[in-house]
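Let me begin by presenting the structure, written as structure tokens, before commenting on it.
The values are calculated or read from the model by the stated rules, or taken from the named source; none is laboratory data. All values reported here derive from a predicted model rather than from experimental measurement. As a convention, Cβ positions derive from the backbone with ideal geometry for all residues, glycine included, and neighbour counts pool all protein chains shown. Just so you know, the surface numbers come from the protein's heavy atoms only, side chains and all, with ligands and any DNA or RNA stripped out. Shrake-Rupley method; radii C 1.70, N 1.55, O 1.52, S 1.80 Å.
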Amino acid sequence: MIFDPEWDTSFEEPETASQEPEWWEVNDELSLAREVYPDGMFARPREIKALWWFGKEMKLDPNVNLSRAIVTARMFGTAQYYDKRIITGASGKKRLLCIPRLRLKFLQRQISRHVLTEDLRAVNTSGGLGGSCLETLLPHRGKRSMLCFDFKDAFFHVGENFLMYALQTKGFTWYVSNFICSLCLYSPAEDWIKEKYGTNSTFLPQGGPASPKLFSIACHFFDKRCSRLAERVGGTYSRYADNVYFGMPTEEFPEKIKHALFAEATKAGFVSHKVRVVNHGNLCHALGLNLIGDRIANSRDYKRSLRKALTHLEYTLDHGLSHEDALLRAEGLMSVAVRATLPANLLDHHKRCREKVDDLWLPV
């Protein structure tokens with residue numbers, strides 16, 4: 001049977017919803033296959049049971065044809081349902097964003113909110129599953145030396161086989177893991193993407209609602225091994241998305257520990273990148289924060305960016321201009337602020353902007 005690539009998925013309440021039974025309440029899996037999936041797209045009882053659980057956990061409307069979405073993704077791939085954009089970061093490096101279109105984004109968002117729950121978060125990791133930049137660096141206060149590095153093109157190195165195995169180790173069945181990979185991975189990758197980023201035919205799209213959480217799950221074994229290593233040598237380990245930090249009580253960071261961490265990253269399928277060793281007495285700049293000894297403060301560049309964002313927000317508010325983007329920018333910067341280290345005039349400026357926003361009856 002050949003399926004139309006444009007799957008028929010409606011997100012509006014059906015007119016006869018009150019007369020139709022909710023499909024996730026059907027107890028007989030074989031009956032479910034005959035009544036809800038007459039095309040026989042899911043013939044195995046275990047797969048039908050897994051689909052029943054998956055749809056229930058996603059809290060989907062009964063009218064959403066989840067089976068057709070999964071089968072379409074399996075047969076035709078998901079590349080046609082993404083918009084690709086290339087953005088330039090602050091360092092000048094260009095980054096490829098793959099943003100899912102409305103229907104696929106809805107399914108990925110439901111997976112992120114209701115299937116990939118917060119209890120999947122690893123110890124001392126922040127980013128996609130919650131946590132702040134400050135929480136990432138707090139375990140390293142008082143450490144005399146520190147190793148900082150990140151993963152090069154990290155999301156592009158998370159493929160289907162790698163993610164399938166990681167999801168199963170977190171308790172998901174093979175079928176549910178396959179459903180998640182079918183809907184949340186980009187496939188098939190174009191030749192120019194394979195050549196530029198060294199990826200396989202599938203990869204984790206940077207821009208998908210579920211991608212940050214899936215990346216953290218993919219790093220499960222790396223986090224576990226690095227945490228064990230930190231316990232053995234008296235160090236501290238933390239990770240923020242693809243940024244890795246390892247602190248040691250020695251004045252100089254040991255070469256053996258550094259090579260062991262690089263080996264663990266290679267074993268996990270990642271390439272170590274932007275390596276920095278901070279020895280005793282030197283300033284560690286990471287995630288917009290400065291760490292030296294027991295003291296953590298916001299960097300000068302961060303304070304400058306915050307001041308510009310607040311000035312721009314206040315200008316848009318005073319002149320009746322569209323201020324939604326400026327508000328998000330300013331509040332996003334304030335969410336990682338170490339308020340005790342900010343100048344009083346900068347805190348007053350933020351308070352003044354908040355009062356002006358409150359006067360407009362807008363939530364902050």
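Computed quantities for the displayed model
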| item | result |
| --- | --- |
| Tally, over the range 261-296, of residues that are assigned to a loop (DSSP other than H, G, I, E, B), more than 15 Å from F246 (Cβ to Cβ), open to solvent by less than 80 Å² (accessible area, probe 1.4 Å) and at pLDDT below 85 | 3 |
| Selected residue (criterion: surrounded by the fewest Cβ atoms within 10 Å (Cβ to Cβ)) from residues of the range 56-71 that are assigned to a helix (DSSP H, G or I) and of a type in the set (D, E, K, R) | K56 |
| Wholly within the range 176-241, helices (runs of 4 or more DSSP H) carrying at least 2 residues that are touching an Asp or Glu at 6+ places or on another chain (Cβ under 7 Å) and either open to solvent by 20 Å² or more (accessible area, probe 1.4 Å) or of a type outside the set (D, E) (or both) | 220-233 |
| From the options A122, A166, residue that is modelled with pLDDT of 85 or more and of a type outside the set (D, E, K, R) | A166 |
| Subset tally (residues that are part of a helix (DSSP H, G or I) and within 22 Å of the chain's Cα centre (by Cα)) for the range 72-92 | 4 |
| Residues of the range 317-364 satisfying the condition of being open to solvent by 100 Å² or more (accessible area, probe 1.4 Å), modelled with pLDDT of 80 or more and among the hydrophobic types (A, V, I, L, M, F, W, C) | L328 |
| Residue satisfying condition, being in contact (Cβ under 8 Å) with a residue 40 or more places away in the chain and either open to solvent by less than 70 Å² (accessible area, probe 1.4 Å) or of a type in the set (A, V, I, L, M) (or both), within set I87, I111 | I111 |
| Only listed residue being under 30 Å from K224 (Cβ atoms) and in contact with a Leu (Cβ under 7 Å, 6 or more places away or on another chain), chosen from L289, L306 | L289 |
| Any hit, the range 163-183, residues being over 27 Å from E47 (Cβ atoms) and free of Cβ contacts under 8 Å to residues at least 40 places away in the same chain | no |
| Residue identified as in contact with a Ser or Thr (Cβ under 6 Å, 6 or more places away or on another chain) and either touching a residue at least 60 places away in the same chain (Cβ under 8 Å) or among the small types (G, A, S) (or both) among A297, A241 | A297 |
